[in-house]
Amino acid sequence: MSKKDVLILCTGNSCRSHMAEGLVNHYLGDDWNAYSAGTDPSGYVHPLAIGALAELGIDISNHTSKSTESFRDASLDWVVTVCDDAAENCPLWLGQGNTVHIGFPDPAQATGTDDEKMVVFRQVRDDIREQVLGFLGTAD
């Protein structure tokens with residue numbers, strides 16, 4: 001059986017989508033190829049997102065912020081949007097693949113010290129691990 005492809009989509013492609021990509025490839029890599037992109041890429045991957053995944057032994061330090069345009073013609077099984085639509089506009093996917101929205105707050109909006117911000121990044125990471133991996137574990 002061949003692997004399925006999932007694109008994790010957000011606006012800035014700096015935190016949530018990269019954490020989701022790393023988590024899916026790490027935990028579900030036998031069945032899924034995960035990619036991430038944004039409609040308005042920030043140009044970087046947030047260092048605290050890299051740190052939150054490193055705590056689980058997942059290295060996303062070589063990830064780069066990418067545009068959805070590079071995936072527009074890709075053959076995808078699923079596209080998962082991960083922005084919190086209560087706080088921001090979630091992008092609309094017009095390419096191939098089934099779509100589902102599983103929203104999370106933007107950890108880049110956290111305030112306080114780096115330690116206080118890291119608490120937020122960990123919570124979002126853990127929520128992504130539970131919800132996105134749970135969904136993909138049952139998706140056709």
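Specify the residue that is surrounded by the most Cβ atoms within 10 Å (Cβ to Cβ); the eligible residues are those in region 1-37 that are among the hydroxyl-bearing types (Ser, Thr, Tyr) and in contact (Cβ under 8 Å) with a residue 24 or more places away in the chain.
Restricting attention to region 1-37, the residues satisfying the condition of being among the hydroxyl-bearing types (Ser, Thr, Tyr) are 2, 11, 14, 17, 27, 35-36.
Add one more test, that the residue is in contact (Cβ under 8 Å) with a residue 24 or more places away in the chain, and what stays is 11, 14, 17, 27, 35-36.
Numbers: 11: 21, 14: 23, 17: 32, 27: 18, 35: 19, 36: 30.
Ranking the candidates gives 17 first.
Can you find a residue that is touching a strand residue (DSSP E or B) at 6+ places or on another chain (Cβ under 9 Å), under 18 Å from residue 122 (Cα atoms) and without any contact (Cβ under 8 Å) to a residue 60 or more places away in the chain anywhere in region 38-50?
Within region 38-50, none of the residues are touching a strand residue (DSSP E or B) at 6+ places or on another chain (Cβ under 9 Å), under 18 Å from residue 122 (Cα atoms) and without any contact (Cβ under 8 Å) to a residue 60 or more places away in the chain.
If you scan region 86-127, which residues turn out to be in a loop (DSSP other than H, G, I, E, B), surrounded by 15 or more Cβ atoms within 10 Å (Cβ to Cβ) and either among the acidic types (Asp, Glu) or at pLDDT below 90 (or both)? Steps first, answer last, please.
Let us first name the residues in region 86-127 that are in a loop (DSSP other than H, G, I, E, B), namely 86-97, 105-106, 110-113.
Okay, now just the ones that are also surrounded by 15 or more Cβ atoms within 10 Å (Cβ to Cβ), so 88, 90-91, 93, 95-97, 105-106, 110.
Selection gives 88, 90, 91, 93, 95, 96, 97, 106.
Tally time: how many residues in region 39-63 are touching a helix residue (DSSP H, G or I) at 6+ places or on another chain (Cβ under 6 Å), assigned to a loop (DSSP other than H, G, I, E, B) and of a type in the set (Gly, Ala, Ser)? Spell out how you get there, then give the answer.
Of region 39-63, the ones touching a helix residue (DSSP H, G or I) at 6+ places or on another chain (Cβ under 6 Å) are 39, 45-46, 48-49, 52-53, 58, 60-61, 63.
Subsequent filtering for residues that are assigned to a loop (DSSP other than H, G, I, E, B) retains 39, 45-46, 58, 60-61, 63.
Those left that are additionally of a type in the set (Gly, Ala, Ser): 61.
Number of matching residues: 1.
So residue 83 fits all but one of (1) at pLDDT 90 or above; (2) of a type in the set (A, V, I, L, M, F, W, C); (3) under 14 Å from residue 8 (Cα atoms); (4) within 12 Å of the chain's Cα centre (by Cα); what number is the exception?
Only one criterion in (1) at pLDDT 90 or above; (2) of a type in the set (A, V, I, L, M, F, W, C); (3) under 14 Å from residue 8 (Cα atoms); (4) within 12 Å of the chain's Cα centre (by Cα) is unmet by residue 83, namely (1).
The values are calculated or read from the model by the stated rules, or taken from the named source; none is laboratory data. Please read all numbers here as calculations on a predicted model, not as lab measurements. Quick reminder, even Gly has a Cβ in these numbers, built from the backbone with ideal geometry, and neighbours come from all protein chains shown.
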